[in-house]
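The next block holds one structure in the form of structure tokens; read it before the comments.
The values are calculated or read from the model by the stated rules, or taken from the named source; none is laboratory data. Computed from a prediction, not measured in an experiment: that's the story for all the values here. Here the Cβ is made from the backbone with ideal geometry for all residues, glycine too, and neighbour counts use every protein chain on show. Accessible surface is based on the protein model in full, side chains and every heavy atom, while ligands, DNA and RNA are left aside. Shrake-Rupley method; radii C 1.70, N 1.55, O 1.52, S 1.80 Å.
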Amino acid sequence: GTLSQDKNELLFSEFGINYNEEPEIFKKGSVVIRDKELIDVVDSKGVVTKRTKTIVKVVHRDIIKEKFWDEHPEILRGKVTRSERKALLQEQREVELAAEPEASL
């Protein structure tokens with residue numbers, strides 16, 4: 001395969017397109033997510049209260065990087081993120097190492 005730099009150079013030299021200046025929709029694609037939004041609700045007495053409404057949004061983000069998953073933890077619904085899994089594995093290794101008896105000389 002080719003490297004990203006090679007692809008970017010080809011886009012620029014052949015078509016005059018600078019990949020870094022392209023909108024995210026063309027670089028990363030689209031993701032449909034549910035999101036929450038605060039809305040004003042007026043009751044029969046005219047009292048305004050805030051309510052949460054679920055909306056569907058199309059966002060253009062890089063879903064491979066951890067930032068997306070940190071911004072939208074509700075997608076995983078209780079599943080462990082990569083950074084949490086890494087921390088748990090590191091903690092498990094430390095416990096296992098502490099439990100091992102010292103090697104005899």
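In table form, for the structure just shown:
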read-out	value
Backbone N within segment 18-33 under 20 Å of label point (7 Å from residue 3 Cα along the Cβ vector)	18-21
The chain, relative contact order [Cα under 8 Å, separation at least 6], %	18
Coil-residue trypsin sites (Lys or Arg not before Pro) of segment 11-59, DSSP, other Cβ within 10 Å capped at 10	45
Surface share of carbon and sulfur [accessible, 1.4 angstrom probe, percent] for the chain	55
Segment residue 47-residue 98, extension gain: residue separation times 0.36 nm, minus the distance between their alpha carbons	12.3 nm
Point-to-point label distance, residue 17-residue 55, nm (Cα→Cβ direction, 7 Å offset)	3.0
FRET efficiency estimate (nearest 0.05) - Cβ-Cβ, residue 84 to residue 10, R0 35 angstrom	0.35
